1. Enter the accessible area of residue A:28 (Å², nearest 10), with the probe set to 1.4 Å and all protein chains included.
2. In square nanometres and to one decimal, what's the mean projected area of the convex hull around the Cα atoms of chain B?
3. Using a 1.4 Å probe on the protein heavy atoms only, what accessible surface does residue B:29 show? Give it in Å² to the nearest 10.
4. So with the 1.4 Å probe, I'd like the accessible area per residue for chain B, rounded to whole Å².
5. Along its principal axes, what span do the Cα atoms of the stretch A:54-94 show, with the longest given first and each in whole Å?
6. Based on C-alpha coordinates, I'd like the Rg and Dmax of the protein assembly as shown, in Å.
7. All other residues with a Cβ under 10 Å from the Cβ of residue B:45 taken together, and with Lys, Arg as +1 and Asp, Glu as -1, what is their net charge?
8. Could you tell me what percent of the accessible area of chain B is made up of carbon and sulfur, with a 1.4 Å probe and every protein chain present?
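The values are calculated or read from the model by the stated rules, or taken from the named source; none is laboratory data. Keep in mind the model is a prediction, meaning the values are calculated, not measured. With ideal geometry, Cβ positions are generated from the backbone for all residues, glycine too; neighbour counts draw on all protein chains shown. Accessible surface is based on the protein model in full, side chains and every heavy atom, while ligands, DNA and RNA are left aside. Shrake-Rupley method; radii C 1.70, N 1.55, O 1.52, S 1.80 Å.
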Amino acid sequence: GENVEQHPSTLSVQEGDSAVIKCTYSDSASNYFPWYKQELGKRPQLIIDIRSNVGEKKDQRIAVTLNKTAKHFSLHITETQPEDSAVYFCAASKGNTDKLIFGTGTRLQVFP
Amino acid sequence: DTAVSQTPKYLVTQMGNDKSIKCEQNLGHDTMYWYKQDSKKFLKIMFSYNNKELIINETVPNRFSPKSPDKAHLNLHINSLELGDSAVYFCASSQDVVETQYFGPGTRLLVL
């Protein structure tokens, strides 16, 4: 079955710096790759997603890139702010009735 | 106007007891899920229902039994609770697996 690996497990950056989180997946049939943000004690919430027919997607300070050949995708956060501090999860799915497989999470801390 | 709600929010119980967690969504979604998030924050799918039909049933002890009385509700019953069942259980819903999943606030289960 699908396996999603996520790195790093923790990431500390200074406010204003960029942060990059990387994920690799094993099943080349996967075609949907969302990213979820989970603040402390809260529920996971979708922040951005990308489908396999697109190589990059951007939403303000957040961007996601997908390399289907290498089977990896990355989350880029620019001009980080303290409120970006949270655990970020990548995920992958083949769609239809297939499940969403989550990565192990990255704890991002943004220091003022 | 809560989209996905769960009750109870906290559940503290003794080993061997039976307990239920309820979930409701008012988004009109066809698919609902149960996830388990352990102390290391790993987020793992347990079950998924589409229009009241079970479509995903991961390797979960048969002490866990989901029930979907209608497509807006998905409940989780756990028999003979064990210490290792302590975790946060999240309900979620989406229109499709490859669409945004909306998570409930979580139920923090502690088995003593």
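1. For residue A:28, the solvent-accessible surface is approximately 100 Å².
2. Over all viewing directions, chain B projects a mean Cα-hull area of 6.5 nm².
3. Roll a 1.4 Å probe over it and residue B:29 shows about 20 Å².
4. On the way: 5430 Å² over 112 residues.
On a per-residue basis, chain B sits at 48 Å².
5. 34, 18, 15
6. 17.6, 51
7. Surrounding charge for residue B:45 is +2.
8. 50 percent
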